[in-house]
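Below is one structure, written out as structure tokens, with a few remarks after it.
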Amino acid sequence: MTLPDDRLTRIVDPLDPRIEIYRDIRERDLVRRQGHFIAEGKTVLQVLVRQNRFPVHSLLVLENRLAGIAPLIEALPAEIPVYCATQAAMDAIAGFHMHRGILAAARVPAGIAVLPELLPAAWKTVLVLSAISNHDNMGGIFRNAAAFGVDAVLIDPECCDPLYRKAIRVSVGGVLRIPFYRAASMEKAVSALDANGFAIAALSPAGRIGIGDWQPSERQALVLGSEGHGLASEWLERLETLSIAMAPGFDSLNVATAGAVALHQLQLRRAKA
């Protein structure tokens, strides 16, 4: 498919003010750009366009990548700008070599991450994340959440932003598929789940119940803590805790991997039930 010339705006000058939102993205990703975020790559763009949860602001694409995403561009409203550039211009705009060559800016709607008091009845599986500060881990967790059909992810104030460009990329667009909500505190997240009839289990190397012996509830929440200090002792004492058996002398799994093991076990238990 060939795009008409009037659908494209060619960028020659890296200082062109029309592409300001894409400038120096590595340094500026940690701070949302006036309520927008940057998505990168064809697969992520497909999710962004097809899920339609986040309004697309614009695209910046390498000239030689346009043909490969022409159907996605055609699916966007005609008023959304599609900027195209040479490799040299795009690298100068981004501040580093952009080998994927496909960027999109999208808007975060107001209130999208506000946790409602009444959780939807259709929710059966929820992840709760505490102090997940590594963007690779955040992306991996959302990728697993999408793979295992998680309904929502609740995030405490110590977690990093799931809409950081690298987290979105690592999640293969999972961040754009799975609804996520910022809770004012872990206490607020746990209270909301309790009030809505969820059982809550936390993963810990010192968990009191082996994952193979776990009997999940119809509405189940799983809590994942940081790889460094893990969950606060308060939550390990208050919540049901699950452990994953490992080889002698080793008791550490990547947090995203541990979450995947638990979600797979949950899926197996429900299938048997």
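The requirement of being closer than 27 Å to ALA273 by Cβ and surrounded by fewer than 16 Cβ atoms within 10 Å (Cβ to Cβ) is not satisfied by ALA192.
Taking the options GLU117, GLU158, GLU187, GLU218, name whichever one is among the charged types (D, E, K, R) and within 18 Å of LEU242 (Cα to Cα). Talk me through it step by step, then tell me what you get.
Details: GLU117 fails: within 18 Å of LEU242 (Cα to Cα); GLU158 fails: within 18 Å of LEU242 (Cα to Cα); GLU187 fails: within 18 Å of LEU242 (Cα to Cα).
Only one candidate passes the filter, namely GLU218.
All conditions in (1) modelled with pLDDT of 95 or more; (2) surrounded by 18 or more Cβ atoms within 10 Å (Cβ to Cβ) hold for ILE25, with the sole exception of (1). In the set GLY173, GLY210, which member is modelled with pLDDT of 95 or more, more than 19 Å from ALA131 (Cα to Cα) and of a type outside the set (A, V, I, L, M, F, W, C)? Criteria check complete, one pass: GLY173. Screening GLN46 against (1) in contact with a strand residue (DSSP E or B) (Cβ under 8 Å, 6 or more places away or on another chain); (2) at pLDDT 95 or above leaves a single unmet condition, (1).
If you go through region 106-141 and pick out every residue that is free of Cβ contacts under 8 Å to residues at least 60 places away in the same chain and either on the phi > 0 side of the Ramachandran plot or among the polar types (S, T, N, Q) (or both), you end up with 1.
Would you be able to say whether some residue in region 45-56 is under 22 Å from the mean Cα position of the chain (by Cα), assigned to a strand (DSSP E or B) and closer than 24 Å to SER171 by Cα?
First, the residues of region 45-56 that are under 22 Å from the mean Cα position of the chain (by Cα): 45-56.
Of the ones still in play, those that are also assigned to a strand (DSSP E or B) are 56.
Narrowing further to those that are closer than 24 Å to SER171 by Cα: 56.
Taking every residue of region 45-56 in turn, at least one turns out to be under 22 Å from the mean Cα position of the chain (by Cα), assigned to a strand (DSSP E or B) and closer than 24 Å to SER171 by Cα.
Which members of region 247-256 meet the condition of being touching a residue at least 40 places away in the same chain (Cβ under 8 Å) and surrounded by fewer than 15 Cβ atoms within 10 Å (Cβ to Cβ)?
Within region 247-256, ASP251, SER252, ASN254 qualify.
Just one of the numbered conditions (1) over 22 Å from VAL172 (Cβ atoms); (2) assigned to a loop (DSSP other than H, G, I, E, B) is not true of ILE93: (2). When region 201-223 is limited to residues that are more than 13 Å from LEU263 (Cα to Cα) and in contact with a Leu (Cβ under 7 Å, 6 or more places away or on another chain), the one that is surrounded by the most Cβ atoms within 10 Å (Cβ to Cβ) turns out to be SER204.
With respect to the conditions (1) within 23 Å of ASP136 (Cα to Cα); (2) hydroxyl-bearing (Ser, Thr, Tyr); (3) part of a strand (DSSP E or B), THR257 falls short on a single one, namely (3).
When residues in region 72-101 are screened for being surrounded by fewer than 11 Cβ atoms within 10 Å (Cβ to Cβ) and either in contact (Cβ under 8 Å) with a residue 40 or more places away in the chain or outside the structural domain of GLN51 (by TED's automatic domain parsing) (or both), 1 of them pass.
The values are calculated or read from the model by the stated rules, or taken from the named source; none is laboratory data. All values derive from a computational prediction rather than experimental measurement. Cβ coordinates were reconstructed from backbone atoms using ideal geometry, including for glycine residues, and neighbour counts include every protein chain displayed.
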